[in-house]
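Enquirer: One structure follows; several queries about it will come next.
The values are calculated or read from the model by the stated rules, or taken from the named source; none is laboratory data. Fair warning: this is a prediction, and the values are worked out from it, not measured in the lab. Note that each Cβ is placed from the backbone with ideal geometry, even for glycine, and that neighbours are counted across all protein chains shown. Heavy atoms of the whole protein, side chains included, go into the accessibility calculation; ligands, DNA and RNA do not. Shrake-Rupley method; radii C 1.70, N 1.55, O 1.52, S 1.80 Å.
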Amino acid sequence: QVQLVESGGGLVQPGGSLRLSCTASGNIFSRYNLAWYRQAPGKQRDLVALITSSGVTNYGDAVKGRFTISRDNAKNTVFLQMNSLKPEDTAVYYCAAGVVGFGSWGQGTQVTVSS
């Protein structure tokens, strides 16, 4: 398994932007598929975005056109650029990594969208 550490969460006003980062330990980062999930209070954990080891991306319907996932294999880091944030984007955001499925998870970072 790989150790994952998220950063970049915080409080932002509706319409604002945040950039989340997730840095991984280990030296086979480029082989991993990576994803961001989120979980709001009382709700299930949902997929936000994923990026495969070959760079193919996919997004949840709620964030298409507003969020962008990217990766920097040289820095062992995956990013989530979040624009046009809405109050309903408020959640704990988790990054995940794996070769088959997602077996490694970060501790999560809180994102709150509120005026």
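Enquirer: For the range 1-82, which trypsin sites (Lys or Arg not before Pro) pass both filters: DSSP loop (anything but H, G, I, E, B) and at most 10 other C-beta atoms within 10 Å? Don't skip to the answer; put the middle values down first.
Expert: On the way: sites: ARG19, ARG31, ARG38, LYS43, ARG45, LYS64, ARG66, ARG71, LYS75; in loops: LYS43, ARG45, LYS64, ARG66.
Listed in order of number, the matching sites are LYS43, LYS64.
Enquirer: Starting from the Kirkwood Rh over alpha-carbon pairs, what translational D in µm² s⁻¹ does the chain have by Stokes-Einstein at 37 °C and 0.692 mPa s?
Expert: Working: Rh = 13.9 Å.
Reported coefficient: 236 µm²/s.
Enquirer: Using a basic spin-label model with each label point 7 Å from the Cα along Cα→Cβ, how many nm lie between GLN13 and THR68?
Expert: 2.4
Enquirer: Please give the solvent-accessible surface of PHE102 in Å², to the nearest 10, using a probe radius of 1.4 Å with every protein chain present.
Expert: Per-residue accessible area (PHE102): approximately 60 Å².
Enquirer: With +1 assigned to the C-beta of every Lys and Arg and -1 to the C-beta of every Asp and Glu, and no other charges, what is the dipole magnitude of the chain about the Cα centre in debye, to the nearest 20? Let's see the in-between values first.
Expert: Details: 10 positive and 6 negative charges, 20 e Å.
Computed about the Cα centre, the dipole is about 100 debye.
Enquirer: Just to verify a number: FRET efficiency for ILE28 and GLN81, C-beta to C-beta distance, R0 = 22 Å, to 0.05? Don't skip to the answer; put the middle values down first.
Expert: Details: r = 25 Å, r/R0 = 1.13.
The pair ILE28/GLN81 has a calculated efficiency of 0.30.
Enquirer: A follow-up question, please. How big is the Cα convex hull of the range 53-115 in projection, averaged over all directions, in nm²? It would help to have the intermediate numbers written out before the result.
Expert: On the way: hull surface 20.7 nm².
So the Cα hull casts an average projection of 5.2 nm².
Enquirer: Not counting ligands, DNA or RNA, and with a 1.4 Å probe, what is THR77's accessible surface area in Å² rounded to the nearest 10?
Expert: 10
Enquirer: Tell me the accessible surface of LEU11 in square angstrom (1.4 angstrom probe, heavy atoms of protein chains only), to the nearest ten.
Expert: 130
Enquirer: State the dimensionless ratio Rg/Rh of the range 1-47 (Rg: radius of gyration of Cα atoms; Rh: Kirkwood radius).
Expert: Working: Rg = 13.5 Å, Rh = 13.1 Å.
We get a ratio of 1.03 for the range 1-47.
Enquirer: Short version: ³J(HN,Hα) in whole Hz for each residue of the range 62-77, in order, from phi by Karplus 6.51 cos²θ - 1.76 cosθ + 1.60 (θ = phi - 60°), x for Gly and Pro, what are they?
Expert: 5, 10, 4, x, 10, 10, 9, 9, 8, 9, 10, 5, 5, 10, 6, 9
Enquirer: While we're here: Can you pull the percent of the range 1-82's accessible area that's carbon plus sulfur, 1.4 Å probe, other chains left in place? Provide the component values of the computation, followed by the final result.
Expert: Values: 2050 of 4460 Å².
Reported share for carbon and sulfur atoms: 46 percent.
Enquirer: Something else about it: What nm value, rounded to one decimal, do you get for the distance between VAL99 and SER115 when each label is placed 7 Å out toward the C-beta?
Expert: 5.0
Enquirer: Per residue, how much space in cubic angstrom lies within the convex hull of the C-alpha atoms of the range 27-85? If you can, show how the numbers build up before the last one.
Expert: On the way: hull volume 5.5 nm³, N = 59.
Once divided by residue count, the hull of the range 27-85 is 93 Å³.
Enquirer: Then there's this: Relative contact order for the range 1-69: what percent, with Cα pairs under 8 Å and sequence separation of 6 or more?
Expert: Details: 80 pairs, mean separation 14.2, N = 69.
With pairs under 8 Å counted, the relative contact order is 21 percent.
Enquirer: Could you work out the relative contact order of the chain, using alpha carbon pairs under 8 angstrom and six or more residues apart, expressed as a whole percent?
Expert: 38
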